[in-house]
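Trainee: This is the structure I want to talk about, given as structure tokens.
The values are calculated or read from the model by the stated rules, or taken from the named source; none is laboratory data. A quick note: this is a predicted structure, and the numbers were derived from the prediction, not measured. All Cβ positions, even for glycine, are placed from backbone atoms using ideal geometry, and neighbour counts span all protein chains on display. Each accessible area value is taken on the protein alone, full model and side chains, heavy atoms only, with ligands, DNA and RNA left out. Shrake-Rupley method; radii C 1.70, N 1.55, O 1.52, S 1.80 Å.
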Amino acid sequence: RLVRELVDHGYRVRVLVRNATRLRYHPWVDDVEIVDGDALNPADLDRALDSIDVAFYLLHALNQRSGFEEQERLLAELFGASAKSAKVSRIVYLGGMVDSTTELSPHLRSRQETGEVLRDSGVPVIELRAGIVIGSGSASFEMLRYLTERLPIMTTPKWVNSRTQPIAVRDVLRYLIGTVALDPSV
């Protein structure tokens, strides 16, 4: 969705993907530059970030069963180092909302640390934070939809007591796009 919005707003876009053939059916595929690679490979990151002005950091390692925190830290460190080397003017990071008064889940703690690691890279970072993004394709939304469609009754886990501020995916996209045009001093 973000790629489509960036293209529609007239921005030149480069995307880094692990498997470029998976993009072949997207209507914008011919309007972007595609770098086939892995964000854990510094050479691939260097190719992807070369001559880039604004880089969107939308990586996560939550698909791993264990050790995702270390993987997320490493991803952020590698990305930050490559962005600094490429003289990227700004990194835009979409993280999770955190409440400093409550104990964070491993997921939210990792999202918070990712922002810190990116800021420590020396590249200016705009960090946007969102709760559950409402709209198809959002990991949180899809997980909740899956649970409610498959389990008519369930013993609820502790995290259902967590308060959140949902946001529509269209609003998230508007905020992400808006960061590109912000004055460099912000």
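Trainee: Roughly how tilted is helix 68-85, in degrees to the nearest 10 and between 0 and 90, from the longest Cα axis of the chain?
Mentor: 20
Trainee: Now a separate question. At a 10 angstrom cut-off on C-beta neighbours, averaged per residue, how do the peptides 146-152, 92-98, 9-15 rank from highest to lowest? The partial results should precede the final answer.
Mentor: Working: 146-152: 9.1, 92-98: 19.9, 9-15: 13.9.
Per-residue Cβ counts within 10 Å, averaged per peptide and sorted highest first, yield 92-98, 9-15, 146-152.
Trainee: May I pose another question? With +1 on each Lys and Arg Cβ and -1 on each Asp and Glu Cβ, how big is the dipole of segment 27-108 about its Cα centre, in debye rounded to the nearest 20?
Mentor: Working: 6 positive and 15 negative charges, 51 e Å.
Magnitude of the dipole: close to 240 debye.
Trainee: Of GLY80, GLY67, GLY135, which is the most mobile in a GNM of the chain whose springs link Cα atoms less than 10 angstrom apart?
Mentor: Looking only at GLY80, GLY67, GLY135, the largest GNM fluctuation is found for GLY67.
Trainee: Can you order the peptides 48-55, 22-29, 163-170 by their average number of other Cβ atoms within 10 Å per residue, highest first? Could you put the intermediate results ahead of the total?
Mentor: Working: 48-55: 17.9, 22-29: 11.1, 163-170: 13.1.
Highest mean packing first, the order is 48-55, 163-170, 22-29.
Trainee: For the chain, evaluate the Debye formula with one uniform point scatterer on each Cα (no solvent term) and list log10 I(q)/I(0) at q = 0.16 Å⁻¹, rounded to two decimals.
Mentor: Per q value, in the given order, log10 I(q)/I(0) is -1.14.
Trainee: Mind checking the per residue accessible area of the chain for me, 1.4 Å probe, whole number of Å²? Intermediate results must be reported in sequence, preceding the final value.
Mentor: On the way: 12060 Å² over 186 residues.
Per residue, the chain has an accessible area of 65 Å².
Trainee: What is the magnitude of the charge dipole of the chain about its Cα centre, with +1 placed on the Cβ of each Lys and Arg, -1 on the Cβ of each Asp and Glu, and no other charges, expressed in debye to the nearest 20? Before the final figure, lay out each step's value.
Mentor: Numbers: 23 positive and 25 negative charges, 97 e Å.
My answer is approximately 460 debye.
Trainee: Once neighbouring chains are kept in place and the probe is 1.4 Å, which whole percent of the accessible area of segment 45-96 is contributed by carbon and sulfur?
Mentor: The nonpolar share, carbon plus sulfur, comes to 48 percent.
Trainee: Another question about this same structure. Can you give me the three principal axis dimensions of segment 1-82 from its C-alpha atoms, in Å, biggest first?
Mentor: Per principal axis, max minus min of the Cα coordinates gives 37, 26, 19 Å.
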